[in-house]
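One structure is given here, and the rest of the page talks about it.
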Amino acid sequence: MDKRQLRKQLLAARESLSLEDWKTKSDLLCQTLKQAPLFQQAQTILAYWSHRREPDLSALWGERQVWGLPRTVGKSLSWHVWKPSEPLQAGKYGIFEPHPDSLVLQPQDVDLILVPAVGCDRQGYRLGYGGGYYDRLLSSEDWQSIPTMGMIFDFAWVEQLPVDDWDIALKGVCSDRQFWQTTDS
């Protein structure tokens, strides 16, 4: 199955979740993530605002870490410090983003990146939406050394994804049932 077909299949499965199942799976994922050493050791974490039934990370916002959320700027992501008490605004694609004037996070300030994914495999490769935003970010020399974790529901594990030359494996993957670290980090 090619990426386009697999993306369509996995998105349909995710979007068919009832609100109750989505919330339950999201809460379980957050509990699993809290046990992961990569998460426990991180001081500043880049995350995302859930869109299209992506795992909801809002149960984590009360944790001790500094949080960063992305803004879409052209074909890139700009990362900004965000606190749960601060309002967000709809950005490109209708995804909620921090205000453009909020403090920008630099790569050297970041300990962990929680990456939204449509699917992941055991080698840490992720299937995204096809826009290349995270591929460009993670291939940038400034961001390459920062640990990354894919966020998926357990049904989105696949044995092996089709991999292109530009795909970069994540350091770990977290689901509602398990955490899988793909490399030492």
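The values are calculated or read from the model by the stated rules, or taken from the named source; none is laboratory data. These numbers come from a predicted model, not from an experiment. So basically every Cβ, Gly included, is an ideal-geometry build from the backbone, and we count neighbours across all protein chains shown. Ligands, DNA and RNA are excluded from the accessible area calculation, which covers all protein heavy atoms including side chains. Shrake-Rupley method; radii C 1.70, N 1.55, O 1.52, S 1.80 Å.
Say each of residue 142 and residue 129 gets a label point 7 Å from the Cα, pointing the same way as Cα to Cβ; how far apart are those two points in nm?
So the label points at residue 142 and residue 129 sit 2.3 nm apart.
Would you mind pulling out the separation of the Cα centroids of region 107-173 and region 1-72, in Å?
13
What are the residues whose amide H is under 5 Å from the amide H of residue 119, where those residues sit 5 or more places off or on another chain and H is modelled from the backbone?
Those lying under 5 Å, H to H, from residue 119 are 127.
Under the rule of at least 5 residues apart or a separate chain, name every residue whose amide H is placed under 5 Å from the amide H of residue 112.
Counting only residues 5 or more places away or on other chains, the set is 44, 46.
Among the lysines, which fall within straight-line cross-link reach of residue 92, defined as a Cα-Cα distance under 17 Å, with same-chain neighbours fewer than 8 residues apart omitted?
Once the sequence-local lysines are set aside, what remains near residue 92 is 75.
Report, in debye and to the nearest 20, how large the dipole of the chain comes out about its Cα centre when Lys and Arg carry +1 and Asp and Glu carry -1 on their Cβ.
Result for the chain is approximately 360 debye, rounded to the nearest 20.
In percent, what relative contact order does the chain have, based on Cα pairs under 8 Å that are 6 or more apart in sequence?
23
Counting heavy atoms of the protein chains only and a 1.4 Å probe, report the per residue accessible area for region 113-160 as a whole number of Å².
Ligands and nucleic acids excluded, the result is 38 Å² per residue.
How compact and how long is the chain, expressed as Rg and Dmax of its alpha-carbon atoms in Å?
Every Cα atom of the chain included, Rg and Dmax give 15.2, 43 Å.
Going Cα to Cα from residue 34, which lysines come in below 19 Å? Please leave out same-chain ones fewer than 8 positions away.
By straight Cα distance, residue 34 reaches 23, 25, 83, 171.
Convert each backbone phi in region 70-81 into a coupling constant with the Karplus relation 6.51 cos²θ - 1.76 cosθ + 1.60 (shift: θ = phi - 60°), then list the ³J(HN,Hα) values in order as whole Hz, x for Gly and Pro.
Residue by residue, region 70-81 yields x, 10, 7, 10, x, 9, 10, 10, 10, 9, 10, 4 Hz.
If you build the convex hull over the alpha carbons only and average its shadow over all orientations, what do you get for region 1-71? Give it in nm² to one decimal.
6.0
When the accessible area of the chain is split by element with a 1.4 Å probe, what percent falls to carbon and sulfur?
C and S atoms contribute 49 percent here.
What are the equivalent ellipsoid semi-axes of region 52-117, built from the alpha-carbon gyration tensor (square roots of five times its eigenvalues), in whole angstrom, biggest first?
Three semi-axes, in Å: 17, 16, 13.
Only Cα pairs under 8 Å and at least 6 apart count here; give the relative contact order of region 1-58 as a rounded whole percent.
Taking the mean separation of contacting Cα pairs over the length of region 1-58, I get 42 percent.
How big is the dipole moment of region 1-73 about its Cα centre under a simple scheme where the beta carbon of each Lys and Arg is +1, that of each Asp and Glu is -1, and everything else is neutral? Debye, nearest 20, please.
For this selection, approximately 300 debye.
Cβ neighbours within 10 Å, averaged per peptide: list 120-132, 16-28 in order, most packed at the top.
My ranking of the peptides, most packed first, is 120-132, 16-28.
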